[in-house]
């Protein structure tokens, strides 16, 4: 069973917490984690580029010249793709679908692998509690400066906390999520994972039957 240090808001280690090996002690398969991250980013992608086809370009209703007798190639519309100002044949369209299907169990396994990798590399920080006297961003910044955090940090709490959200929203290197919104891309994209101590049993309860 993996054990992780628990810190208080002064940055001191107060003990250790034993984590569930089924969630935090899984053997990591980098290829599987990569597959889920790529799928997650693809599913969040929304196409912007859009070109008009022959049927969407304005004009071109009249046949440019008669079918026979002119010596020129037959043409049906000045909005055909070969004309300047005509429609585009194979251009990007806004109805393109980038979504990739990944099975639920595969996503869950990749999530456990990403968490297990943080534990194995000592990048998971558990915090007992945080009880600030004021709702100030500088108090949140002072807290994170006392913890073993490098560069960016993903902060995981058990449930939504409006006051904490206001305190950390202006910190450029801190991203706050609840346990039910925890995902593989966020874990992989942040070097350090900070979890409130009460978020651990909440997470394990959420994935008890996984």
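The values are calculated or read from the model by the stated rules, or taken from the named source; none is laboratory data. Predicted model only: the values in this text are computed from it and were never measured. Heads up, the Cβs are rebuilt from the backbone with ideal geometry, glycines too, and the neighbour counts pull from every protein chain shown.
Of the candidates 85, 69, 61, the single residue that is surrounded by 10 or more Cβ atoms within 10 Å (Cβ to Cβ) and not assigned by TED's automatic domain parsing to the domain that holds residue 26 is 85.
What do you reckon, is residue 180 touching a residue at least 24 places away in the same chain (Cβ under 8 Å) and either under 23 Å from residue 35 (Cβ atoms) or out of contact with any helix residue (DSSP H, G or I) (no Cβ under 9 Å at 6 or more places or on another chain) (or both)? The answer is yes for residue 180. Summed over segment 23-39, residues that are loosely packed, with under 13 Cβ neighbours inside 10 Å and in a helix (DSSP H, G or I) total 2. Confirm whether residue 188 is touching a helix residue (DSSP H, G or I) at 6+ places or on another chain (Cβ under 6 Å), touching a residue at least 60 places away in the same chain (Cβ under 8 Å) and surrounded by fewer than 17 Cβ atoms within 10 Å (Cβ to Cβ). Taking the combined requirement at face value, the residue does not satisfy it. Residue 165 meets all of the listed conditions (1) closer than 17 Å to residue 114 by Cβ; (2) surrounded by fewer than 15 Cβ atoms within 10 Å (Cβ to Cβ) but one, namely (1). Contact map, segment 4-25: first residue free of Cβ contacts under 8 Å to residues at least 24 places away in the same chain, second residue surrounded by fewer than 16 Cβ atoms within 10 Å (Cβ to Cβ), Cβ cut-off under 8 Å, separation 6 or more or different chains; pairs are 13/5; 15/5; 16/3; 16/5; 18/1; 18/3; 21/1. There is at least one residue in segment 140-152 that is within 21 Å of the chain's Cα centre (by Cα), surrounded by 13 or more Cβ atoms within 10 Å (Cβ to Cβ) and within 14 Å of residue 9 (Cα to Cα).
For segment 95-108, filtering for residues that are part of a helix (DSSP H, G or I) and free of Cβ contacts under 8 Å to residues at least 40 places away in the same chain leaves 1.
Within segment 109-132, being part of a loop (DSSP other than H, G, I, E, B) and either touching a residue at least 60 places away in the same chain (Cβ under 8 Å) or surrounded by 21 or more Cβ atoms within 10 Å (Cβ to Cβ) (or both) holds for 123, 128, 129, 130, 131. Report whether or not residue 135 is assigned by TED's automatic domain parsing to the domain that holds residue 23, in contact (Cβ under 8 Å) with a residue 24 or more places away in the chain and surrounded by fewer than 17 Cβ atoms within 10 Å (Cβ to Cβ). So residue 135 fits the description; yes.
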